[in-house]
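Everything below concerns the one structure shown next.
Each reported figure results from applying straightforward, stated rules to the coordinates on display, with no laboratory input. Predicted, not measured: the structure shown is a model, and the values here were computed from it. Every residue, glycine among them, receives a Cβ derived from its backbone with ideal geometry; neighbour counts consider all protein chains shown.
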């Protein structure tokens with residue numbers, strides 16, 4: 001599981017994505033997991049980073065899951081119509097949210 005930083009705005013997006021990309025490559029298993037529990041300050045760039053992680057996971061034939069997504073970021077994803085691209089896995093361990 002990879003951890004998002006406490007702050008993820010446009011200023012941190014490029015470096016955060018680089019770090020996540022390297023970590024996602026090293027993650028084993030069928031699901032790539034990112035933990036957003038530490039995320040306190042963010043803007044829409046955080047969604048862009050998570051959507052790119054989702055894209056990478058799909059390209060590598062894996063599922064993507066975000067745990068502990070802050071409610072405000074979940075609302076923002078819904079407002080932008082991209083909530084399905086940042087599936088929240090916090091409902092229960094081992095349960096894939098948003099799976100069809």
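At a threshold of 8 angstrom on Cα-Cα distance, excluding pairs fewer than six apart, so keeping six or more, what relative contact order does the range 2-85 reach in percent?
For the range 2-85, the relative contact order is 35 percent.
Between residue 18 and residue 79, with labels modelled 7 Å along Cα→Cβ, what's the label distance in nm to one decimal, could you check?
3.0
Using a basic spin-label model with each label point 7 Å from the Cα along Cα→Cβ, how many nm lie between residue 26 and residue 60?
Here the answer is 1.2 nm between the modelled labels.
Of the listed values (i) 1.68; (ii) 2.01; (iii) 0.96, identify the label whose number matches Cα Rg over 2.2 N^0.38 Å calculated from this model.
So the structure-derived entry is (iii).
Using alpha carbon centroids, what distance separates the range 29-48 and the range 71-86, in Å?
Going from one Cα centre to the other spans 12 Å.
Helix-derived [θ] at 222 nm for the chain: sum -39500 (n - 2.57) over DSSP H runs of at least 4, divide by residue count, nearest 500?
Helix-only estimate at 222 nm: -14000 deg cm²/dmol.
Please compute the modelled spin-label separation between residue 48 and residue 6, points set 7 Å along Cα→Cβ, answer in nm with one decimal.
Once both label points are built, they end up 2.4 nm from each other.
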